[in-house]
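The values are calculated or read from the model by the stated rules, or taken from the named source; none is laboratory data. Treat the numbers as computed from the prediction; the structure is a model and nothing was measured. For neighbour counting, all protein chains shown are included, and Cβ atoms are generated from backbone atoms with ideal geometry for every residue, glycine included.
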Amino acid sequence: MGSIFSSLFQRLWGTKEVRILILGIDGAGKTTILYRLQIGEEAGNAVSVYTDMVLFFFYLRTAKVVTTIPTIGFNVETVTFKNIKFQVWDLGGQTSIRPYWRCYYQNTDAIIYVIDSTDRDRLSISKDELLAMLQEEELKTAKLMVLANKQDLAGAMSAAEVSEHLGLTELRGRQWTIFKCSAMTGEGLTESMDWLANQVHGGGASSGPAPTAAAPAAAVPSPTTAPAIPAK
């Protein structure tokens, strides 16, 4: 599990730099998912005793991140796996931070949008933020992968339920998919990253095992220099 990014991106892109945003409202499990993907399955037994922020800083030390650029409530890492340069933007989901998401949309290849499948009360907020984001011109060609996280918890909604509540089937002109997953157990993460790798690489309209809407895949922009960090 820990080598998901390394093996997939090395096999498909060589030295190509891939830019992905991991978004979602606070508490969805974004940083925990990133931690699981990067560090591996051995982290699963420990993640429950840490907050996302503690996990993140432990990840920075363990993964030997080459470059870390702190911004207002955000963390950006450039991690080198063999000859792969993978740019990960893990953006905070608090109400005060969400308006700054748009500062990082430029040149994004794909979006991972994380949902807490147990948080029914705030699902409408997640929907509003997602739909507003997808209206942005800078994201018109970005692939969308929704992760219905926390499937290990009682009362978690299925991927189909989350998809219905978010209105994903109503999206037009957007390549997207949804996977159920658990950052704690690793469920669904291998399959979801395999789909994402194929899509960003131009693999067409293939979809994951969860309900999807297959729109014609748009051309993927060439990765370029990241946008300027807004001043505090």
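General remarks:
- Against the numbered list (1) within 23 Å of THR108 (Cα to Cα); (2) in a loop (DSSP other than H, G, I, E, B), THR190 comes up short only at (2).
- Residue count for region 163-183 under the criterion of being of a type in the set (A, V, I, L, M) and within 16 Å of the chain's Cα centre (by Cα): the result is 2.
- Failed condition for GLY167, given (1) on the phi > 0 side of the Ramachandran plot; (2) touching a strand residue (DSSP E or B) at 6+ places or on another chain (Cβ under 8 Å): (2)
- Scope region 140-174; condition at pLDDT 95 or above, of a type in the set (A, V, I, L, M, F, W, C) and either more than 21 Å from ASP194 (Cβ to Cβ) or in a helix (DSSP H, G or I) (or both); matching residues: LEU153, ALA154, ALA156, MET157, ALA159, ALA160, VAL162, LEU166, LEU168
- LEU130 meets each of the listed conditions (1) assigned to a helix (DSSP H, G or I); (2) touching a Cys at 6+ places or on another chain (Cβ under 6 Å) apart from (2).
- Scanning region 102-125 for residues that are closer than 19 Å to THR32 by Cα and of a type in the set (Phe, Trp, Tyr) yields a total of 1.
- Taking first residues from region 118-142 that are farther than 23 Å from ALA183 by Cβ and partners that are assigned to a helix (DSSP H, G or I), the Cβ contacts under 7 Å between residues at least 6 apart in sequence or on separate chains come to GLU136/ARG102; LEU139/MET133.
- Hits in region 176-191 (condition: buried (at least 21 other Cβ atoms within 10 Å of the Cβ), touching a residue at least 60 places away in the same chain (Cβ under 8 Å) and closer than 17 Å to MET157 by Cβ): LYS180, CYS181, ALA183
- When every residue of region 197-212 is checked against the conditions, at least one turns out to be in contact with a strand residue (DSSP E or B) (Cβ under 6 Å, 6 or more places away or on another chain) and at pLDDT 50 or above.
- Number of positions in region 89-127 that are in a helix (DSSP H, G or I) and either polar (S, T, N, Q) or touching a Phe, Trp or Tyr at 6+ places or on another chain (Cβ under 8 Å) (or both): 4
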